[in-house]
Structure formats: structure tokens, C-alpha cells
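Report on the structure given below.
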Amino acid sequence: MISEETRKFRHALGAFPTGVTIVTTNDVDGKPIGFTANSFSSVSLDPRLILICIDKASINLDAFTNNAHFAVSVLSEKQHQVSTTFASPVEDRFAGIDWSTKTTGCPIINDAVAWFDCAKDNCVDAGDHYVLIGKAVSYTHLRA
């Protein structure tokens, strides 16, 4: 149960407009898994590091904290339905989603405006989340 103060804090943080990303990896059986996240940021240009945050209550927590790789797809405005699908408790979030793999084998959402295929560099315990820091081994963005 979320307290009223926590809810107010979450709404205040939500006033900051951010992009939406899909964070993906593979589970122990090689099945693609992922979730919608707006907690994405650059960390360093040299080395090329990015970060995402994952809630400790996530059903995918073990896969993301134990896997050596993860990927981040930055969605376009046209991909709203992809964001909604990955934010919902759907059994197979990849059903009907156009995706492929690049360097690490983690799923990349096709037609994303940018993507980062990462080797996990660090996993930091941070309150009710973990901060996953990834070293981008391959990446791209759509040119305007």
C-alpha cells in the first residue's frame, strides 16, 4: 500500500517530462522480458555508460540484476501502444511487437528513435529500486 505522502512525491516527480524507454533482457530460459521505464539517463561519455532503475518489487528483478546484459529502446511518440503493453501485466509483452536483437542478444524494439545494447557494468542498491548501469557496446539513433 502506497502512502499518501509517497503518492504525492511520485506525482511531483512525474511533473518532469521525460522520454519513455523499454528495458529488455532475456530470462534464464532465453525468453525475452522487459518493462517500460522513464528512469533512464546518461552517466558517462567515456566510457559510454547509461543507467536505468528497476523496482525491487518487479517480477523481472532477478533476471535484470543477474544477467550480464540488457538493452534500452527509446520510443517515439508513435510507439505509445508499445509503452502501454510493456507497462501492463501482460503474459507475453513481446507478442505482436516488432523487435530484433543486435550485439548482446537482448531484444531491441524496432523503429525506436534510439537504442543501447549494454553489458551490465554495475548494480547499485538504491532504496526501493536498483540502479543498473550499463556500458553501451552498440547503439544507434534515427537521424532527423
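The values are calculated or read from the model by the stated rules, or taken from the named source; none is laboratory data. Quantities reported herein were computed from a predicted structural model and do not represent experimental measurements. Methodologically, a virtual Cβ is constructed for each residue, glycine included, from the backbone with ideal geometry; neighbour enumeration extends over all protein chains shown. Remember, those area values only see protein heavy atoms, side chains included, never the ligands or the DNA or RNA. Shrake-Rupley method; radii C 1.70, N 1.55, O 1.52, S 1.80 Å.
So what is log10(I(q)/I(0)) for the chain at q = 0.10, 0.13, 0.14, 0.17 1/Å, when the Debye sum runs over its Cα atoms only? After summing over all Cα pairs, the log10 values are -0.32, -0.55, -0.64, -0.96. In the elastic network of the chain, a GNM with C-alpha springs shorter than 10 Å, the most mobile of V131, V82, V43 is V43. Other residues with beta-carbon under 13 Å from the beta-carbon of S100 carry, at +1 per Lys or Arg and -1 per Asp or Glu, a net charge of -2. Note on the stretch 79-144: Cα convex hull, mean projected area over all directions, 5.9 nm². Among the trypsin sites (Lys or Arg not before Pro) in the stretch 31-116, none is located in a DSSP loop while being surrounded by at most 10 other Cβ atoms within 10 Å of its own Cβ.
Considering only protein heavy atoms, with the full assembly of protein chains and a 1.4 angstrom probe, order T25, T103, T18 by accessible area, largest first.
T103, T18, T25
Between T6 and S39, the simple spin-label model (points 7 angstrom out along Cα→Cβ) gives 1.2 nm. Calculated [222 nm] ellipticity per residue, helices only, for the chain: -4500 deg cm²/dmol; basis is -39500 (n - 2.57) per DSSP H run with n ≥ 4, divided by all residues, nearest 500. Rg ratio for the stretch 38-118: its Cα radius of gyration over 2.2 N^0.38 Å, N being its residue count, equals 1.11.
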